[in-house]
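What follows is one structure encoded as structure tokens, with my remarks underneath.
The values are calculated or read from the model by the stated rules, or taken from the named source; none is laboratory data. Worth saying up front: this structure is predicted, and the values here are computed from it rather than measured. For neighbour counting, all protein chains shown are included, and Cβ atoms are generated from backbone atoms with ideal geometry for every residue, glycine included. The accessibility values were calculated without ligands, DNA or RNA, using every heavy atom of the protein model including side chains. Shrake-Rupley method; radii C 1.70, N 1.55, O 1.52, S 1.80 Å.
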Amino acid sequence: MSDLFSALSDPYRLNIVETLMKNGETPAGEISDMFDISGPAVSRHLSVLLKAGLVSRKIAGKQRLYTVQPSAIRQVSEWTMDHRAFWEDSLDRIEAALREDMK
């Protein structure tokens, strides 16, 4: 899980994943055109996402096609939902403490 969250912690990588989720399979060149960073920088971000298992790559001729790995997104979603009760309880305690301080 830490590899997934580490990979998603960078704003460019998170945006790449969100773009792939929205658009589906996309060539690396098109991904690069969507961002205001160099092609080599996008390539490095894609490598991190690939290594973390968030995306897969298919080679078609000269193109590198990237796709989001649903199983990785499912892991992130399940982790988030498993921890939802903790965060809701924590936020409720903060809200109660703030109300008490306002009295």
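Miscellaneous remarks
- Screening Arg64 with (1) open to solvent by less than 100 Å² (accessible area, probe 1.4 Å); (2) modelled with pLDDT under 85 gives one miss only, at (2).
- Of everything listed in (1) within 13 Å of the chain's Cα centre (by Cα); (2) farther than 30 Å from Glu30 by Cα, the single unmet condition for Leu98 is (1).
- When residues of region 54-76 are limited to those that are of a type in the set (Gly, Ala, Ser) and more than 11 Å from the chain's Cα centre (by Cα), the one nearest to Tyr12 (Cα to Cα): Ser56
- Matching residues in region 17-42 - criterion: being under 20 Å from Ala72 (Cα atoms) and polar (S, T, N, Q): Thr19, Asn23, Thr26
- Remark: pairs (first residue in region 22-37, free of Cβ contacts under 8 Å to residues at least 40 places away in the same chain; second residue open to solvent by 30 Å² or more (accessible area, probe 1.4 Å); Cβ separation under 6 Å; 6+ apart in sequence or on different chains) = Pro27/Gln63; Ala28/Arg64; Ser32/Gly39.
Quick grid of which residues meet (1) surrounded by fewer than 12 Cβ atoms within 10 Å (Cβ to Cβ); (2) in contact with a Gly (Cβ under 9 Å, 6 or more places away or on another chain); (3) outside any loop (DSSP other than H, G, I, E, B); (4) at pLDDT 95 or above:
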site	(1), (2), (3), (4)
Asp36	yes, no, no, no
Val48	no, no, yes, yes
Lys58	yes, no, yes, yes
Ser71	yes, yes, yes, no
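- Hits in region 79-102 - residues which are open to solvent by 100 Å² or more (accessible area, probe 1.4 Å) and under 27 Å from Ala7 (Cα atoms): Met81, Asp82, Arg84, Phe86, Trp87, Leu91
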